[in-house]
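The next block holds one structure in the form of structure tokens; read it before the comments.
The values are calculated or read from the model by the stated rules, or taken from the named source; none is laboratory data. Not measured: the values here are computed from a predicted model. Please note: Cβ atoms are built from the backbone with ideal geometry, for glycine as well, and neighbour counts cover all protein chains shown. Protein only, heavy atoms only, side chains kept; ligands, DNA and RNA dropped before computing areas. Shrake-Rupley method; radii C 1.70, N 1.55, O 1.52, S 1.80 Å.
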Amino acid sequence: SISIEQGVQATFVAPQPDIVLLVDRTGSMGPAITNVKSKIAGVIAAVRASEPDARFAVAAYCDSGERFPSYQTVAPLSADAASVIDAMIAMPSCYGGDLPEAQLDALYRIGGWGKAIAFRPDSQRIVAWFGDAPGHTRLRSEQAAIASLKAAKAHVVAVSVGRNQLDS
């Protein structure tokens, strides 16, 4: 027998990532949004240290029937970190109204059928989503949102915060 040493470098960020930060911007998310706003520059810098070609976008959802649209692309996909950071910091909150929110519509729109985000052709599509409330099906079904994300070949990382009801 012989011993062989082999070094392997594992990356934590996929090559050529297109990362959409999807934000539940309803009132109950205030502390979590404040936290993200204070750390977004560091997050972008950390990802860029591993993958300099990373692009970022910010998308947000409220609920249907508010003065704000249920879905909004706050910052389009961009290599300009400063514009993404500025858009995230300037993003206003909305009320939310009832407990279920419009995230299923937001996920649908980000996906391949909604085309709200102009992903690069060969990118690794990542949706980093954080929220605290379950979704309703007034605008889109869960099945439609999933199918649209699959059509875009997008991977979703969901972080349930606050009331921890994102999976409800």
| message | Need pairs with beta-carbon distance below 7 Å; first residue closer than 28 Å to Asp167 by Cα and within the stretch 78-100, second loosely packed, with under 14 Cβ neighbours inside 10 Å and modelled with pLDDT of 85 or more; sequence gap 6+ or separate chains. | response | Ser93/Gly27; Ser93/Gly30; Tyr95/Gly27; Gly96/Gly27
| task | Could you check, for the stretch 77-85, whether at least one of its residues is open to solvent by 40 Å² or more (accessible area, probe 1.4 Å) and under 21 Å from Glu142 (Cα atoms)? | result | no
| Counting only residues that are open to solvent by less than 30 Å² (accessible area, probe 1.4 Å), among the polar types (S, T, N, Q) and touching a strand residue (DSSP E or B) at 6+ places or on another chain (Cβ under 6 Å), how many does the stretch 114-168 have? | 1
| remark: Filtering the stretch 113-153 for residues that are without any contact (Cβ under 8 Å) to a residue 60 or more places away in the chain, part of a loop (DSSP other than H, G, I, E, B) and farther than 21 Å from Leu99 by Cβ leaves a count of 8
| request: Please name all residue pairs, on different chains or six or more residues apart, with Cβ atoms under 7 Å, provided the first residue is in the stretch 20-49 and is in contact (Cβ under 8 Å) with a residue 12 or more places away in the chain and the second residue is among the basic types (Lys, Arg) and loosely packed, with under 15 Cβ neighbours inside 10 Å. | output: Ser28/Arg163
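Residue-wise test of (1) modelled with pLDDT of 95 or more; (2) more than 17 Å from the chain's Cα centre (by Cα).
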residue: Glu5; (1), (2): no, yes
residue: Thr11; (1), (2): no, yes
residue: Leu21; (1), (2): yes, no
residue: Arg55; (1), (2): yes, no
residue: Ala59; (1), (2): yes, no
residue: Asp63; (1), (2): no, no
residue: Ser70; (1), (2): no, no
| message | Just checking, does the stretch 89-98 include any residue being over 15 Å from the mean Cα position of the chain (by Cα), farther than 21 Å from Gly30 by Cβ and aromatic (Phe, Trp, Tyr)? | response | no
